[in-house]
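Colleague: Next up is a structure, given as structure tokens.
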Amino acid sequence: MHVEGSVFRYGDNVDTDVIIPARYLNTANHKELAAHCMEDIDSEFVKRVKAGDIIVADRNFGCGSSREHAPIAIKESGVSCVIARSYARIFYRNSINIGLPILECEEACDNIKAGDRVTVDFDTGTITNLTSGQVFQSEPFPPFMQELIASGGLAAYMAGKEVN
């Protein structure tokens, strides 16, 4: 699986309250959540994000509460992948569960800037900055996780599996 998009760049400790502010958690509508994604840290995000775009962040992305609304809002906004130095553990698990691909790669985070055009090959873990020509290597997902993500998340993945 491959994705390509323009980069939105954020720093350390982007918490779930700025990914999707608590005042919008009274809805389960994914489109409504996406309409407010990142608005407290980047008021232009929802106006500028396009399908396939990529978020690159620094340390501890997704810290804060355990709500899965945060990765849902990111995915529904059109973001195809998040690349960070590190993630809050529960955000990492919630992202995989809802089918949002996330990668850790310090070197990519050191060298990718806002607006750069980036491709990601999930089969190999290769991240290519098309703007600068630099290539970075992250750990690829194991095949079962790639299948889970391609299915659209854990629920969709399990719905397609036979239970013995």
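The values are calculated or read from the model by the stated rules, or taken from the named source; none is laboratory data. From a predicted model like this one, the values you see are computed outputs, not experimental measurements. Here the Cβ positions follow ideal geometry from the backbone for every residue, glycine too, while neighbour counts run over all protein chains shown.
Colleague: Could you grab me the full set of residues in the stretch 114-128 that are under 10 Å from residue 6 (Cα atoms) and either without any contact (Cβ under 8 Å) to a residue 60 or more places away in the chain or part of a loop (DSSP other than H, G, I, E, B) (or both)?
Modeller: 114, 115, 116
Colleague: Also, quick follow-up: Quick one: how many residues across the stretch 123-164 are among the small types (Gly, Ala, Ser), more than 21 Å from residue 107 (Cα to Cα) and under 19 Å from the mean Cα position of the chain (by Cα)?
Modeller: 6
Colleague: For the stretch 111-132, how many residues are touching a Phe, Trp or Tyr at 6+ places or on another chain (Cβ under 9 Å) and either modelled with pLDDT of 95 or more or surrounded by fewer than 19 Cβ atoms within 10 Å (Cβ to Cβ) (or both)?
Modeller: Counting residues in the stretch 111-132 that are touching a Phe, Trp or Tyr at 6+ places or on another chain (Cβ under 9 Å) and either modelled with pLDDT of 95 or more or surrounded by fewer than 19 Cβ atoms within 10 Å (Cβ to Cβ) (or both) gives 10.
Colleague: Sticking with this structure for a sec: Can you name the condition, by its number, that residue 138 falls short on among (1) touching a residue at least 24 places away in the same chain (Cβ under 8 Å); (2) surrounded by fewer than 16 Cβ atoms within 10 Å (Cβ to Cβ)?
Modeller: (2)
Colleague: Residues that are in contact with a helix residue (DSSP H, G or I) (Cβ under 9 Å, 6 or more places away or on another chain) and under 27 Å from residue 143 (Cβ atoms), at least 3 per element: which helices (runs of 4 or more DSSP H) completely within the stretch 1-77 meet that?
Modeller: Here the list reads 69-76.
Colleague: Moving to a separate point now. Looking only at the stretch 6-38, count how many residues are on the phi > 0 side of the Ramachandran plot and crowded, with 20+ Cβ neighbours inside 10 Å.
Modeller: Number of matching residues: 1.
Colleague: Let me ask something additional. In the stretch 78-104, what count of residues is obtained for those that are in contact with a Lys or Arg (Cβ under 8 Å, 6 or more places away or on another chain), hydrophobic (A, V, I, L, M, F, W, C) and not in a strand (DSSP E or B)?
Modeller: Number of matching residues: 2.
Colleague: Return yes when residue 150 is in contact with a strand residue (DSSP E or B) (Cβ under 6 Å, 6 or more places away or on another chain), small (Gly, Ala, Ser) and surrounded by fewer than 18 Cβ atoms within 10 Å (Cβ to Cβ) and no when it is not.
Modeller: In short, no.
Colleague: List the pairs whose first member sits in the stretch 9-31 and is within 13 Å of residue 42 (Cα to Cα), whose second member is among the basic types (Lys, Arg) and at pLDDT 95 or above, and whose Cβ atoms are under 9 Å apart, counting only residues at least 6 apart or on separate chains?
Modeller: Note: pairs meeting the criteria are 9/113; 11/59.
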